[in-house]
1. Tell me, what % of the accessible area of the protein assembly as shown is carbon and sulfur with a 1.4 angstrom probe?
2. Mind grabbing the base-10 log of I(q)/I(0) for region B:96-159 at q = 0.14, 0.15, 0.24 Å⁻¹? Debye formula, identical points on the C-alpha positions, no solvent, two decimal places.
3. Grab the alpha carbons of region B:157-219, take their convex hull, and tell me the volume per residue in Å³.
4. Quick one: pull the percentage of alpha-carbon pairs in chain B with a separation above 30 Å.
5. Between copies, how far apart are the residue A:21 label points? List them in nm, one decimal, shortest first, with each point 7 Å from Cα toward Cβ, please?
6. Apply the Karplus curve 6.51 cos²θ - 1.76 cosθ + 1.60, θ = phi - 60°, to the phi angles in region A:73-78 and return the couplings in whole Hz, x for Gly and Pro.
7. Got the relative contact order for region B:1-131 handy, in percent, Cα pairs under 8 Å and 6 or more residues apart?
8. Where does region A:22-64 land on Rg/Rh, using Cα atoms and the Kirkwood Rh?
2 protein chains.
Amino acid sequence: MKKRIPIKKQILSENDKLAQKLQKKFDTSNTIVVNIMASPGAGKTSIIYQLIKQLKTTYSLAVIDGDVVDIDIKKLQSLDIPVALANTGGACHLDAYMIKKSLQSIKLHDIDLLIIENVGNLICPANFKLGSHKNIVIASIPEGSDKPYKYPQMFLGADLVLLNKTDLLSVTDFDMQQFEKGIKRVNNSVSYIPLSAKTGVGISNVVTWLSTLVSKKLS
Amino acid sequence: MKKRIPIKKQILSENDKLAQKLQKKFDTSNTIVVNIMASPGAGKTSIIYQLIKQLKTTYSLAVIDGDVVDIDIKKLQSLDIPVALANTGGACHLDAYMIKKSLQSIKLHDIDLLIIENVGNLICPANFKLGSHKNIVIASIPEGSDKPYKYPQMFLGADLVLLNKTDLLSVTDFDMQQFEKGIKRVNNSVSYIPLSAKTGVGISNVVTWLSTLVSKKLS
C-alpha cells in the first residue's frame, strides 16, 4: 500500500498541468470560471439556480454539473442556458480532465461566466484544480458551525464562502461566531456571504460579487 | 489518464482481501463491527455519542474515528471507552489498511461492539470494505429527500438507514414519502429508523437494533 502516495502525487501533478492549460483557454475566450464546492445537500444547485436566474439577463452563462446522476442537470437545463454533465465515473470530485471533456459541448467564446458545480464532498475537490479563476465553498447552517475546523483544506482554498440556510438559524444550535472565527482562522482574506436559497435573502450579494468579477474581465 | 481505472481496481481488490481477513479477526474475538457513513454534518458523532451512552452499561464498546481532525474524538473519549483515531492522511474514506493500523490500540477480545465512524462523504466510503458486519448510513432532513436518488451506491450497501434531524421536518420542505420510496427503490431489504440526535426521539430504536445484533453474536 506504500505506493499509493506517489501515484496520488503524480495524478495531482498531471491534473494541475492540465488545469493551467484550461485556465489559459478560459482567458483566451474571456470567460470567468468559478468552481462551486460543498457537502451533499448544502444547496449548491438551489443557489446556482437562483444566481443564473438573476445573472442571465446581463451575461451569457453556462454550467458544468459534476453530479453522479442527472437530477440537478434537469433543474438547471430548465433555465435555458448550456448545461454540460461532467462524467465523473463515480469519482468523488471533478478533475481537469473531466472539465476538458465537458467543454466539448460548450462554445466558450460565447460565454462570460462558466459555473462549475463540483461533486458533493468537502475533501477531495479541494485537491483537484480545474482551471477556475475563483473557488466558492458553500456551507449550511444544519451542518454545524465546526465545518471550517473539520475541513480546513476546503476553506483554505476558497475565495468566497457562502453560508446557506440562514432561515434555519433560529431552530438549530449553530454558533455564528464560531463559524466566522473558523473561516477567518483558516483563510483571513476570504469573502463571506450568509444567505438563504429558500427565502432569497443574501442572493443579491452573490450576484454583485460575481457581476464585479465578470465586469472586470470584460472591461 | 487511461491508467486510472486499473489502479483503482487493484487498490479495491487488495482492500477487499484485507477486509475479509479483518472480519475473520472480528469473528474470532466475537466482536460485532458496524461501519457508520454519512455526509459531513449529518450527525454521525452526535448519534454515536447517544448510542454509546445507552449501550455502554450493557456491552463493552470501542470506536474507531475516521475524521480528518481530532475534534470528534475528544467528544467520544469523554465517554470513557477506547477510541482510536484512524489516520486517513487526508483521504476521503477509510480503508481496511487504516482499520488494521487502528486496531493496534484496541484489545478486540474485550470488545462486544466496535463502531467505526467513517469520513464524512457519501461516495467513496461505499467502495471500501472495512470488514464490518453491518453498514449504517445516516441521512438528515436538511440535506433533502433526494439523497437516495443522488447517491444510490451508498444506500445500496446499507443494512440500516438512519434519518436524523427529524426535529427540523416542519421547517424544511423535506418529502418523507420521496425519501422512503428512494431508499426502498435502491435497497428493498434495508432497515430504516427516523430519529433526532438532538431531542433523543428514535435513538432507543437504534439501541434495540444494535443490541439484537450483539446479543445474537454473544449467545
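The values are calculated or read from the model by the stated rules, or taken from the named source; none is laboratory data. All of these numbers come straight from a predicted model, not from anything done at the bench. Counting neighbours? That spans all protein chains shown, and the Cβs are built from the backbone with ideal geometry, glycine included. Just the protein is used for accessible areas: all its heavy atoms, side chains included, with ligands, DNA and RNA removed. Shrake-Rupley method; radii C 1.70, N 1.55, O 1.52, S 1.80 Å.
1. Values: 9630 of 19090 Å².
Within the protein assembly as shown, the accessible surface is 50 percent carbon and sulfur.
2. -0.50, -0.56, -1.11
3. Working: hull volume 5.4 nm³, N = 63.
Expressed per residue, the convex hull around the Cα atoms of region B:157-219 is 85 Å³.
4. 20
5. Once sorted, the set of distances for residue A:21 reads 4.0 nm.
6. Coupling constants for region A:73-78: 4, 5, 4, 6, 5, 5 Hz.
7. 40
8. Working: Rg = 12.3 Å, Rh = 12.0 Å.
Rounded to two decimals, Rg over Rh is 1.03.
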